[in-house]
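The values are calculated or read from the model by the stated rules, or taken from the named source; none is laboratory data. Worth saying up front: this structure is predicted, and the values here are computed from it rather than measured. All Cβ positions, even for glycine, are placed from backbone atoms using ideal geometry, and neighbour counts span all protein chains on display. Areas reflect the complete protein model, heavy atoms only, side chains present, ligands, DNA and RNA absent. Shrake-Rupley method; radii C 1.70, N 1.55, O 1.52, S 1.80 Å.
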Amino acid sequence: MRTRDQMLSELRANAPIIAPSMLKCDFGNLHRELQLLDDAGAALMHLDVMDGHFVPNLSYGPMVIERMRNLTRTAFDAHLMISDPARYLDEYIRVGCEAITVHLEAVADPVSLLRQIRRHNVVAGLAVNPATPFQQVEHLLTECDLFLVMSVQPGFGGQRFIPEVVSKIRDARSVAGQNLIISVDGGIGKSSITACAQAGCDVFVAGSSVFDQPCYSAAIAELRQLAMDAQAVR
Ligand code: DX5
Ligand code: ZN
């Protein structure tokens, strides 16, 4: 398992990164799906954990991730869309998640939780819903390694990208500088990735725009190229 420093340098070295959202994969063929993504050169797997409480949908948890961990060496980022993530943190670390992203809206004391994640030598991610204003998260950006801007209401794949969140990416980049890893999640595809990349995003979570395509490799390469083109002019 990678240390936090190893993980951070790997993420920075590979940026822009297209991180497949495993919510949209074929769960009946997890082994094959992970192999295809590895062959496609995916640098980060985005694992959507949902509890049917913080979000109105249920996905999978540590038992499934533990099995996935045995099938690939690619880094895992667990996007915890669950209430009270502090209670389950140790489980996700134990099964090999090298980054853990919690929702600001789900925790009472984000500073102590983010510090706890970092103390475990794991990359600390902080996610915000589309409706959460930047002002509410600005003072926390030094407490996290990765800032995840939700561009749909969390809970389901296949929703339409909300363009209003792009300013949040831009604000975070200008406040936090180049060190912070900024990610966007929801409705990312050919028509939305350019605006996010121009605004300063490094990691693009992609569900439908990868898994609904016949060739994951071509889909990831095309999205990554669009992000690189956009960054070149930013
Ligand atoms: C939504 C999840 C996303 C989602 C992305 O709650 O956090 O990761 O699966 O799927 P698409 O790319 O289809 O919006
Ligand atoms: Zn997600």
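Observations on the structure shown:
- When 73, 32 are compared by accessible area of protein heavy atoms, the largest-first order is 73, 32, using a 1.4 Å probe.
- Across the protein chains, with a 1.4 Å probe defining accessible surface, the residues 64, 152 rank 64, 152 from largest area downward.
- Placed amide H near residue 75: partners under 5 Å, 5+ positions off or other chain: 45
- From the alpha carbon centroid of segment 61-85 to that of segment 190-208 is 23 Å.
- Cα convex hull of the chain, projected area averaged across orientations, nm²: 10.9
- Segment 28-139, relative contact order in percent, only Cα pairs under 8 angstrom and at least six apart counted: 22
- Relative contact order of segment 4-232, taken over Cα pairs closer than 8 Å and 6 or more residues apart, is 21 percent.
- Within the chain, percent of DSSP bridges classed antiparallel, to nearest 5: 5
- When segment 4-232 is described by a simple charge dipole with +1 on each Lys and Arg Cβ and -1 on each Asp and Glu Cβ, the residue from 148, 86, 175 located farthest towards its positive end is 175.
- Of the whole protein surface, residue 91 contributes about 70 Å² of accessible area at a 1.4 Å probe radius.
- By the rule of a second cysteine Cβ within less than 4.7 angstrom, the chain holds isolated cysteines at 25, 97, 144, 215.
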